[in-house]
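Novice: Handing you a structure now.
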């Protein structure tokens with residue numbers, strides 16, 4: 001059998017488990033996860049290679065009705081990322097909402113096969129609940145396949161891969177076998193720090209934060225990776241929350257981020273975090289672009 005290849009888009013509304021799914025499919029953490037909506041802000045490329053096939057997954061930010069300039073750029077990134085895929089996974093985790101009609105029409109207009117992925121079946125009560133959820137989407141039209149899964153428990157992912165491979169083409173691998181993601185060093189560091197902020201804060205803080213990596217330097221003498229990162233917030237009150245009592249919150253964020261970064265870079269990481277206020281940055285195009293949420297990625 002010849003080698004198979006496909007570009008696979010992963011799309012859906014915020015917080016349906018797209019990043020958890022791409023991590024499960026790749027078998028490695030390449031995208032941050034959180035129970036907060038709009039966790040993913042960039043297009044993320046993940047590559048799974050076996051002797052028989054190579055699948056390039058394009059994880060997109062959650063598509064939603066955008067209020068801020070930042071959110072408008074995020075949705076634009078998601079829509080553009082789906083233009084060149086061979087098959088799309090539409091990930092959902094609850095019954096159809098009126099906004100899903102609009103999503104379906106926009107996906108259908110792309111002219112690519114759509115596989116409906118019912119995620120989080122581990123938290124649904126019974127098969128009847130899953131069936132009712134599926135039926136609510138069948139009113140929209142036909143799908144190439146409907147696959148119930150649990151990304152967090154890695155349930156039925158083989159069935160999902162089999163459905164994807166029906167739309168693959170006979171082609172040699174595009175990426176080397178060891179290649180798993182297009183995430184660059186500064187992007188990985190920024191996202192790992194932001195994930196800890198998402199985990200440890202509530203209310204408006206997660207959405208008002210950007211993380212900018214100011215400096216990455218190898219300390220050959222101490223054999224460490226020294227990183228200086230700037231956390232951007234919009235208000236003084238947000239800065240106080242992130243710092244915490246006697247600096248406790250910022251210290252906790254830094255400690256948890258270092259643990260992940262130590263594993264990622266397989267060395268000891270020295271992480272220095274600073275906080276800066278940039279009023280209403282999410283609604284200013286120049287700031288949105290400066291903080292790395294523009295159309296192009298380095």
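The values are calculated or read from the model by the stated rules, or taken from the named source; none is laboratory data. Given the structure is predicted, the values throughout are model-derived calculations rather than measurements. When we count neighbours, we look across all protein chains shown, and the Cβ atoms used for this are built from the backbone with ideal geometry, even at glycine.
Novice: Filter the range 131-164 down to residues that are part of a loop (DSSP other than H, G, I, E, B) and in contact with a helix residue (DSSP H, G or I) (Cβ under 8 Å, 6 or more places away or on another chain) and give me whichever is nearest to residue 87 (Cα to Cα).
Specialist: Here the answer is 144.
Novice: Could you count how many residues in the range 183-206 are over 19 Å from residue 266 (Cβ atoms), within 16 Å of the chain's Cα centre (by Cα) and surrounded by fewer than 17 Cβ atoms within 10 Å (Cβ to Cβ)?
Specialist: Result for the range 183-206: 1.
Novice: Being assigned to a helix (DSSP H, G or I) and in contact (Cβ under 8 Å) with a residue 12 or more places away in the chain is the filter; apply it to the range 234-245 and report the residue that is surrounded by the fewest Cβ atoms within 10 Å (Cβ to Cβ).
Specialist: At the first step, the residues of the range 234-245 found to be assigned to a helix (DSSP H, G or I) are 236-243, 245.
Those still in the list that are in contact (Cβ under 8 Å) with a residue 12 or more places away in the chain too: 236, 238-239, 241-243.
Working: 236: 10, 238: 20, 239: 17, 241: 18, 242: 21, 243: 17.
Residue satisfying both the conditions and the ranking: 236.
Novice: Pick from the range 93-145 the residues that are on the phi > 0 side of the Ramachandran plot and over 23 Å from the mean Cα position of the chain (by Cα): which of them is surrounded by the most Cβ atoms within 10 Å (Cβ to Cβ)?
Specialist: First pass over the range 93-145, keeping only residues on the phi > 0 side of the Ramachandran plot: 111, 120, 141.
Still in the list and also over 23 Å from the mean Cα position of the chain (by Cα): 111, 141.
Values: 111: 6, 141: 10.
Once the filter is applied, the top-ranked residue is 141.
Novice: While we're on this one: Does any residue of the range 96-103 turn out to be closer than 18 Å to residue 13 by Cβ and in a loop (DSSP other than H, G, I, E, B)? Give the derivation first.
Specialist: As a first pass, look at the range 96-103 and keep what is closer than 18 Å to residue 13 by Cβ: 96-103.
Still in the running and in a loop (DSSP other than H, G, I, E, B): 96-97.
The answer is yes; a qualifying residue exists.
Novice: Turning to a different aspect of this structure: Consider residue 274 carefully, then state whether it is surrounded by 14 or more Cβ atoms within 10 Å (Cβ to Cβ) and on the phi < 0 side of the Ramachandran plot. Step through it out loud before you land on a result.
Specialist: Working: surrounded by 14 or more Cβ atoms within 10 Å (Cβ to Cβ): no; on the phi < 0 side of the Ramachandran plot: yes.
For residue 274, the condition - surrounded by 14 or more Cβ atoms within 10 Å (Cβ to Cβ) and on the phi < 0 side of the Ramachandran plot - is not met.
Novice: Which condition does residue 248 not pass, out of (1) surrounded by 12 or more Cβ atoms within 10 Å (Cβ to Cβ); (2) without any contact (Cβ under 8 Å) to a residue 60 or more places away in the chain; (3) in a helix (DSSP H, G or I), if it passes all the others?
Specialist: Of everything listed in (1) surrounded by 12 or more Cβ atoms within 10 Å (Cβ to Cβ); (2) without any contact (Cβ under 8 Å) to a residue 60 or more places away in the chain; (3) in a helix (DSSP H, G or I), residue 248 misses just condition (1).
Novice: So, of the residues in the range 173-189 that are in a loop (DSSP other than H, G, I, E, B) and touching a strand residue (DSSP E or B) at 6+ places or on another chain (Cβ under 7 Å), which turns out to be modelled with the highest pLDDT?
Specialist: We begin by selecting, within the range 173-189, every residue in a loop (DSSP other than H, G, I, E, B); these are 173-180, 182-184.
Then drop every residue that is not touching a strand residue (DSSP E or B) at 6+ places or on another chain (Cβ under 7 Å), which leaves 173-175, 177, 179-180, 182-183.
On the way: 173: 91, 174: 88, 175: 87, 177: 88, 179: 84, 180: 85, 182: 71, 183: 72.
Selected residue: 173.
Novice: Let me ask something additional. In the list 44, 22, 74, which residue meets the criterion of being modelled with pLDDT under 60 and either closer than 24 Å to residue 130 by Cβ or within 14 Å of the chain's Cα centre (by Cα) (or both)?
Specialist: Working: 44 fails: modelled with pLDDT under 60; 22 fails: modelled with pLDDT under 60.
After ruling out the rest, the residue left standing is 74.
Novice: Another question about this same structure. Determine, yes or no, whether residue 263 is in a helix (DSSP H, G or I), surrounded by fewer than 20 Cβ atoms within 10 Å (Cβ to Cβ) and either at pLDDT below 90 or in contact with a helix residue (DSSP H, G or I) (Cβ under 6 Å, 6 or more places away or on another chain) (or both). Walk me through how you get there before you give the answer.
Specialist: Numbers: in a helix (DSSP H, G or I): yes; surrounded by fewer than 20 Cβ atoms within 10 Å (Cβ to Cβ): yes; either at pLDDT below 90 or in contact with a helix residue (DSSP H, G or I) (Cβ under 6 Å, 6 or more places away or on another chain) (or both): yes.
Judged against the criteria, residue 263 is a match.
Novice: Return the only residue of 185, 177, 195, 218 being closer than 22 Å to residue 57 by Cβ and without any contact (Cβ under 8 Å) to a residue 60 or more places away in the chain.
Specialist: On the way: 177 fails: without any contact (Cβ under 8 Å) to a residue 60 or more places away in the chain; 195 fails: without any contact (Cβ under 8 Å) to a residue 60 or more places away in the chain; 218 fails: closer than 22 Å to residue 57 by Cβ.
The match here is 185.
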